[in-house]
Amino acid sequence: MDANVHVVDPREHVNEEPRNDFFDLMLGFGGMFVLMLVIFFAMVIVKFIIS
């Protein structure tokens with residue numbers, strides 16, 4: 001029952017990118033906040049132009 005099975009240890013992060021997850025999270029939140037802020041002010045300007 002001793003087959004040549006090559007089991008990869010999941011603790012070996014050989015293919016993992018060296019990235020900062022917290023920085024990516026903050027960049028995503030900040031980008032979405034800026035996008036929503038731009039949309040909000042655009043809608044306010046459109047409301048003032050229409051009325």
Spot the failing condition for residue 5; the list is (1) of a type in the set (Val, Ile, Thr); (2) modelled with pLDDT under 75; (3) surrounded by 10 or more Cβ atoms within 10 Å (Cβ to Cβ), and only one is missed. (3)
Would you pick out the residues in segment 11-35 that are open to solvent by 100 Å² or more (accessible area, probe 1.4 Å) and part of a helix (DSSP H, G or I)? 21, 22, 23, 27, 29, 32, 33
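The values are calculated or read from the model by the stated rules, or taken from the named source; none is laboratory data. Given the structure is predicted, the values throughout are model-derived calculations rather than measurements. Glycine gets a Cβ as well: all are built from the backbone with ideal geometry, and neighbour counts include every protein chain shown. Note: accessible area is taken over every heavy atom of the protein model, side chains too, but ligands, DNA and RNA are not part of it. Shrake-Rupley method; radii C 1.70, N 1.55, O 1.52, S 1.80 Å.
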